[in-house]
Amino acid sequence: MKIINIASINRHGGSLLVRLLDGHPDIAAYPVEKHFLRDEKTFPFADKLTGSPTYVPDIEDFKKFGNLQKFFEVPSQKPQIIHRWGKEKADSIGIRKNYLEKAFYQNVQTDFNYKRFISLLNESDQKFDNINDVYDNFHKAYFKSWDDGKHMGSGEFVAFNGSGGLFLKNFDKYFSEFKGSFALIPIRNIETYISSEKTRLARLFFGTRRFNKPNLPYYLIKNFSYYDLRSIIRTWKVSVTRAFILSENLKNDNFLIYRYETLVTKTEQVMRDLCNKTGIKYNNILLKPTLGGIHWLGNSHYGPQNGINLSNHVSKVLRRDELDIINEETGNLMNSIDKIDDSFLNIKSIDKKLLFDYDLQKSYSRDIDKWTLYSALSFRGFRSARIKKNSFLNVIAFLFSIYSYIFNIPRLLKLNFFPNKGKQNYT
């Protein structure tokens, strides 16, 4: 199976491209984020935030285990699902009875045969010659176990995204091991990126968690300031520069960079150009975001989306002082990116002087461990709260969190007493 790896950072729309690929008869698209193995030798910390490095392993790494289940650390028993306020968490497989990880706003009829998955991971002699065969067998076991293989298609391609995928340590090995595979890097407008990230942090602060109900008023989001704006700006600048340097170093036609905004506003153009690049046969289904074959309503913090929409809540979320800081630090670079209107960016046309720490990152890129550490440390703290003196906003947050809990009691009761009935995704 050739891989289409959308390697992004958080809140950059990587999920959308996978969902556009989902319905194609030749593509098996994962319903959950997927990454390569975590590089604990270089960066052993377990927070798993964006920036933490991953790597494509050697076949010798697999031979130490000699077994797919052990190598990928898949538990023999299906993980227990907890339906308690504040204790709910995402499913590592991404599928269970009437549940899909990314189906935030719709009911689904689906299931995953976990016993069959474990059986398939253990059934062959597992004497693989290369790491491509290791991953290929894992992908096939996964999709054969989901709704009896209904979503596997011809299996010519497998598609997935990861919100830390840009920080794969060895893209050169990715291309040498997975012949004919592709890596696509999305770049998003920095203002919409930060407004989305700020909204997520504000929802945590006010106790509303992931979903749009109960609604958190824009007024409260706009006045929320317990976050590190400059740190988030830095993550965007570091990631753009990393994409630029990767493009320089790899010199690979299968390494593609695209604008999230161009994908949304010129979907057919981008998908046709992607088909020409990858050899995928064009199909109009590529214009419709689906999840396991059902219409996908998105994963926006602002509620369900019909079709493909350019989410822009900047003026409702960001204050004038925040926008001034963003423009001061990134305005020239963002203007340069905005001038590129093709499906795929010739990012090397951007003036290097506009990039962040270009000379340092370029130097570090010659030592893979140094660059890995630089990238990981650049993202430390970007979702941490800023300690500030208590204010009336803290009181509102406390009261709103109580309201959110009361609002969600009916769904908690439903999930506990009527499991697998109706809408199940409340993580």
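The values are calculated or read from the model by the stated rules, or taken from the named source; none is laboratory data. These figures come from a predicted structure and were not determined experimentally. All Cβ positions, glycine included, derive from the backbone under ideal geometry; neighbour counts span all protein chains shown.
Values as computed for the structure displayed
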item	result
Members of region 11-61 found to be more than 23 Å from LEU287 (Cα to Cα), among the aromatic types (Phe, Trp, Tyr) and modelled with pLDDT of 95 or more, listed by number	PHE36, TYR55
The lone exception for TYR282 - which of (1) in a helix (DSSP H, G or I); (2) over 21 Å from LYS352 (Cα atoms); (3) aromatic (Phe, Trp, Tyr) it fails	(1)
Residues within region 387-416 that are loosely packed, with under 10 Cβ neighbours inside 10 Å and modelled with pLDDT under 85, tallied	3
Among residues of region 228-258, those that are modelled with pLDDT under 95, within 21 Å of the chain's Cα centre (by Cα) and not in a helix (DSSP H, G or I), counted	0
Check on ILE406, closer than 28 Å to SER195 by Cα and touching a residue at least 24 places away in the same chain (Cβ under 8 Å)	no
Leading residue by the ranking (surrounded by the most Cβ atoms within 10 Å (Cβ to Cβ)) among those in region 350-386 that are closer than 25 Å to TYR55 by Cβ and of a type in the set (Lys, Arg)	ARG383
Qualifying residue in region 40-51 (condition: closer than 30 Å to CYS275 by Cα, out of contact with any Pro (no Cβ under 6 Å at 6 or more places or on another chain) and crowded, with 21+ Cβ neighbours inside 10 Å)	yes
Where THR110 falls short, out of the listed (1) polar (S, T, N, Q); (2) over 23 Å from THR290 (Cα atoms); (3) in contact (Cβ under 8 Å) with a residue 60 or more places away in the chain	(2)
Hits in region 179-223 - residues which are more than 21 Å from the chain's Cα centre (by Cα), farther than 15 Å from LEU323 by Cβ and among the hydrophobic types (A, V, I, L, M, F, W, C)	PHE205, PHE206, LEU216, LEU220
Given (1) in a helix (DSSP H, G or I); (2) at pLDDT 95 or above; (3) of a type in the set (Val, Ile, Thr), index of the condition THR199 fails	(2)
Residues (aliphatic (A, V, I, L, M) and either surrounded by fewer than 21 Cβ atoms within 10 Å (Cβ to Cβ) or at pLDDT below 95 (or both)) located in region 259-274	VAL264
Only one of ASN113, ASN132 that is surrounded by 13 or more Cβ atoms within 10 Å (Cβ to Cβ), farther than 24 Å from LEU166 by Cβ and among the polar types (S, T, N, Q)	ASN113
